[in-house]
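Okay, structure first, notes after.
The values are calculated or read from the model by the stated rules, or taken from the named source; none is laboratory data. Given the structure is predicted, the values throughout are model-derived calculations rather than measurements. Here the Cβ positions follow ideal geometry from the backbone for every residue, glycine too, while neighbour counts run over all protein chains shown.
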Amino acid sequence: MPAGEFMVQNILFLAHVDESGKGMPRVALEVITAAQDAARLASASLVIGIVGGEISDAADSVARIGAPIVGVCGADFAHPRYATDAAALEAICRAVGSDIVIAPATSRFLRVIPGVAQGLGGQVDTHITSLEFGDGAVSAKRWFYKQRVEAVIHRDSRPWFLLVDPGGYERWSGEAGTARVEGLDVQLPAETKRTTFAGVRVPATDAQTIRPDAKLLFVAGAGWCKRQSDGTAHVPEAEAAILDFLQTSGASLGGSKSLVDQSGENQSVLRFMTHLNQVRQTGSTPRHPKGLSTCCHGEEPHVVGWRFINERRAINLDPNCGWARGKADVLYVADAFQVIPKLNALLNKK
């Protein structure tokens, strides 16, 4: 039998409650759409598994899908912890007995599901972007080499765990219903609870610059720290303008590699810019509806990091910069030092 061909009886979708302890994370509501599509294409039944301290609200939110729901809940499962999460997920997988397990690629699941797959004698693939089922063949797609090479993966090993990244599927938006949950009683040895949850520390709102759910990605280039028309650099003014824009617009901050690298070259830098903000060329590949690049030339390695952004705009004084060569939907040939403060003034009026 060719690789990936088999009869799918049922597909298991796994989820955990969100930080509020009530509903599911946004990415889970996206990936459950992928699981529904997979079950339909494979002519298989869908089963939903949920883990959390209290799972009734999460179960009710997807009750109208009509799939059986299996859950593990209790105070021991309220917060991420490898040992207890692994025990809960393994119990669900054994109870359902699915060959294909689909789950959202959250930080909680990325830590634990590879171990669960190992314990069940299966295989796992992470950062999946799409799934395909047809004529008994199952394949998963993901990107490699900075999102330049797309791979199609087939596996014979079962169970096959697939952790799906956000941004590839529409979010489930059906009305909540009343779910009937089959609860599993998972007995936990004392050693699985040696790690205890102490609390969550988050930065102040005005200090948080990375916002994955923001509608706009604002990318700053090295031009913000270069000498301006008067022959001097204006880094403090640049910091003030960018931070004001981030606060008033709610945008997420990205940075070009040349900008974030300046901190190691003894050059003037934006104090709040780190390598965590870097967009591609060893940085991240964000998924925001819109992107605005400022003081950045938009060369190929940088633009690759924008491939999942729907609308791309740029502000640059050079009409022949990389963004002008068909890489930006709109290019404003202007000085960002003048444009952004005026934009901030308009936003502050609102």
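Which of (1) in contact (Cβ under 8 Å) with a residue 40 or more places away in the chain; (2) in a loop (DSSP other than H, G, I, E, B) is the odd one out, the single condition residue 343 does not satisfy?
Residue 343 satisfies all of (1) in contact (Cβ under 8 Å) with a residue 40 or more places away in the chain; (2) in a loop (DSSP other than H, G, I, E, B) except (2).
Would you tally the residues in region 204-228 being assigned to a loop (DSSP other than H, G, I, E, B) and among the aliphatic types (A, V, I, L, M)? Quick ask: steps written out before the conclusion?
Our first condition is that a residue be assigned to a loop (DSSP other than H, G, I, E, B); within region 204-228, this holds for 204, 208-215, 221, 226, 228.
Add one more test, that the residue is among the aliphatic types (A, V, I, L, M), and what stays is 204, 210, 214.
Adding up the residues that qualify gives 3.
Only one residue in 103, 39, 35, 83 is aliphatic (A, V, I, L, M) and surrounded by fewer than 18 Cβ atoms within 10 Å (Cβ to Cβ). Which one? Steps first, answer last, please.
Values: 103 fails: surrounded by fewer than 18 Cβ atoms within 10 Å (Cβ to Cβ); 39 fails: surrounded by fewer than 18 Cβ atoms within 10 Å (Cβ to Cβ); 35 fails: surrounded by fewer than 18 Cβ atoms within 10 Å (Cβ to Cβ).
Exactly one residue qualifies, and that residue is 83.
Scan region 140-165 residue by residue and report those that are part of a loop (DSSP other than H, G, I, E, B) and free of Cβ contacts under 8 Å to residues at least 40 places away in the same chain. Walk me through it before giving the result.
Kept after step one, since they are part of a loop (DSSP other than H, G, I, E, B), are these residues of region 140-165: 145-148, 154-159, 165.
Answer for region 140-165, where residues must be part of a loop (DSSP other than H, G, I, E, B) and free of Cβ contacts under 8 Å to residues at least 40 places away in the same chain: 145, 157.
For every residue, the table says whether it meets (1) charged (D, E, K, R); (2) under 21 Å from residue 337 (Cα atoms); (3) crowded, with 21+ Cβ neighbours inside 10 Å.
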site: 254; (1), (2), (3): no, yes, yes
site: 259; (1), (2), (3): no, yes, yes
site: 270; (1), (2), (3): no, yes, yes
site: 280; (1), (2), (3): yes, no, yes
site: 287; (1), (2), (3): yes, no, no
site: 296; (1), (2), (3): no, yes, yes
site: 305; (1), (2), (3): no, no, yes
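Would you mind stating whether residue 231 is more than 30 Å from residue 350 (Cβ to Cβ), assigned to a loop (DSSP other than H, G, I, E, B) and not aromatic (Phe, Trp, Tyr)? It would help to see each step written out before you state the result.
Working: more than 30 Å from residue 350 (Cβ to Cβ): yes; assigned to a loop (DSSP other than H, G, I, E, B): yes; not aromatic (Phe, Trp, Tyr): yes.
So residue 231 fits the description; yes.
Quick one: which of 88, 63, 59, 67 is buried (at least 17 other Cβ atoms within 10 Å of the Cβ) and either over 23 Å from residue 19 (Cβ atoms) or of a type in the set (Asp, Glu) (or both)?
67
Yes/no per residue for (1) touching an Asp or Glu at 6+ places or on another chain (Cβ under 8 Å); (2) farther than 21 Å from residue 10 by Cβ; (3) surrounded by fewer than 13 Cβ atoms within 10 Å (Cβ to Cβ):
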residue	(1), (2), (3)
113	no, no, no
124	no, no, no
140	yes, no, no
150	no, yes, yes
168	yes, yes, no
171	yes, yes, no
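For region 37-139, which fully contained strands (runs of 3 or more DSSP E) count at least 2 residues that are in contact with a Ser or Thr (Cβ under 8 Å, 6 or more places away or on another chain) and modelled with pLDDT under 95? It would help to see each step written out before you state the result.
On the way: elements: 45-52, 69-73, 100-104, 123-128, 130-134.
Here the list reads 130-134.
List the number of the failed condition for residue 6; all other conditions in (1) within 21 Å of residue 173 (Cβ to Cβ); (2) modelled with pLDDT under 95; (3) in contact with a Lys or Arg (Cβ under 9 Å, 6 or more places away or on another chain); (4) of a type outside the set (Gly, Ala, Ser) hold.
Looking at each condition in turn, residue 6 falls short on (1).
How many residues are in a loop (DSSP other than H, G, I, E, B), basic (Lys, Arg) and either under 26 Å from the mean Cα position of the chain (by Cα) or buried (at least 22 other Cβ atoms within 10 Å of the Cβ) (or both) when one looks only at region 307-340?
2
From 293, 258, which residue is assigned to a helix (DSSP H, G or I), small (Gly, Ala, Ser) and touching a residue at least 24 places away in the same chain (Cβ under 8 Å)?
On the way: 293 fails: assigned to a helix (DSSP H, G or I).
Among 293, 258, only 258 is assigned to a helix (DSSP H, G or I), small (Gly, Ala, Ser) and touching a residue at least 24 places away in the same chain (Cβ under 8 Å).
Looking at 255, 250, 231, can you tell me which residue is small (Gly, Ala, Ser), more than 30 Å from residue 79 (Cα to Cα) and touching a Leu at 6+ places or on another chain (Cβ under 9 Å)? Break it down into steps so the answer makes sense when it comes.
On the way: 250 fails: more than 30 Å from residue 79 (Cα to Cα); 231 fails: touching a Leu at 6+ places or on another chain (Cβ under 9 Å).
Criteria check complete, one pass: 255.
Take the residues of region 21-36 that are of a type in the set (Gly, Ala, Ser) and touching an Asp or Glu at 6+ places or on another chain (Cβ under 9 Å): which is modelled with the highest pLDDT? Outline the logic, then answer.
Just the residues of region 21-36 that are of a type in the set (Gly, Ala, Ser), to begin with: 21, 23, 28, 34-35.
Next, from what is left, pick out any that are touching an Asp or Glu at 6+ places or on another chain (Cβ under 9 Å): 21, 23, 28.
Numbers: 21: 82, 23: 91, 28: 96.
Among those residues, the one meeting the criterion is 28.
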